[in-house]
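The values are calculated or read from the model by the stated rules, or taken from the named source; none is laboratory data. Not measured: the values here are computed from a predicted model. When we count neighbours, we look across all protein chains shown, and the Cβ atoms used for this are built from the backbone with ideal geometry, even at glycine. Heavy atoms of the whole protein, side chains included, go into the accessibility calculation; ligands, DNA and RNA do not. Shrake-Rupley method; radii C 1.70, N 1.55, O 1.52, S 1.80 Å.
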Amino acid sequence: MSWKSLTSAALIASIAEDASLMSLAEAAAHLTARDIIIAEYGEPGAAYQRKYCEVWNVKKDFPWFPADKMLINKDFKKVLGVAFRKLQERGQHTEIKTFDGCYNHRLSVGLKVLSLHAWALAIDMNAKENPLKGAVRWSAGFLQTMRECGIYCGADWKRKDGMHFAMFNG
Ligand SMILES: [Zn+2]
């Protein structure tokens, strides 16, 4: 059964343990993102990684980045590279203090669906300052630059995930 045939309440309940923190639009966006990702890349795992991911030596391209390397989806790497360059041009890259993960095979915290991190299609940064369901401490300019580059910000969700930046809205 497709999630599109669920009632609003059932849709939210099907995805969120903390359903009250999510809007219907947000729950639908999360599931739509996963439908698109699976259609485009398939299920995550070793075969997916061999085909679509690479180890990015980030520091070689961006010496200011707080980690040497990360395993990342190649398409997301391109998008993130453009965003990092733009942040740098605008002097906003100095807001990035910690790298808190890209690839991680797990469910989204508090949700019953696979995290975009399972596909290495999302990156977490400054996690301590921007906790899940908590405060967002990025500047408005920083978030705007990320959006302009086509990156979805967890800071924009009703169920805030300020550390989270991704290639799809989920
Ligand atoms: Zn994340």
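Overview of results
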{"item": "Amide proton proximity set for Ala120, modelled H, under 5 Å, gap of 5+", "result": "Asn104"}
{"item": "Theoretical gain in end-to-end length, Glu89 to Ser2 [0.36 nm per residue, Cα-Cα removed]", "result": "26.9 nm"}
{"item": "Gain on full stretching of the segment that runs from Thr32 to Val109 - 0.36 nm per residue minus C-alpha separation", "result": "25.9 nm"}
{"item": "Low-density loop cleavage sites - trypsin sites (Lys or Arg not before Pro) in the range 92-136, where at most 12 other Cβ are within 10 Å (DSSP)", "result": "Lys97, Arg106, Lys112, Lys128"}
{"item": "Placed amide H near Ser23: partners under 5 Å, 5+ positions off or other chain", "result": "Lys158, Arg159"}
{"item": "Nearest-ten-degree value, helix 24-41 long axis tilted from longest Cα axis of the chain", "result": "70"}
{"item": "FRET efficiency estimate (nearest 0.05) - Cβ-Cβ, Ala9 to Leu71, R0 35 angstrom", "result": "0.40"}
{"item": "Neighbourhood charge, 15 Å Cβ-Cβ cut-off, centred on Thr94 and excluding it, Lys, Arg +1 and Asp, Glu -1", "result": "+2"}
{"item": "Rh by Kirkwood over Cα pairs, then Stokes-Einstein D for the range 43-166 at 1.002 mPa s and 20 °C, µm²/s", "result": "146"}
{"item": "Cα-based helix-to-principal-axis angle, 74-89 vs the chain, degrees rounded to 10", "result": "50"}
{"item": "Solvent exposure ordering (accessible area, 1.4 Å, most first) of His93, His117", "result": "His93, His117"}
{"item": "Fluctuation leader among Arg137, Arg147, Arg50 - the chain, Gaussian network, Cα springs under 10 angstrom", "result": "Arg50"}
{"item": "Reach of Lys4 by Cα under 20 Å, taken over lysines that are not fewer than 8 positions away in the same chain", "result": "Lys112"}
{"item": "In sequence order, calculated HN-Hα J values of the range 107-112 (Karplus, 6.51, -1.76, 1.60; Hz; x Gly/Pro)", "result": "7, 4, 4, x, 10, 9"}
{"item": "Linear extension gain, Glu43 paired with Ser139, 0.36 nm per residue minus alpha-carbon span", "result": "31.1 nm"}
{"item": "Amide hydrogen neighbours beyond the local backbone of Val113, cut-off 5 Å, H modeled", "result": "Ser108"}
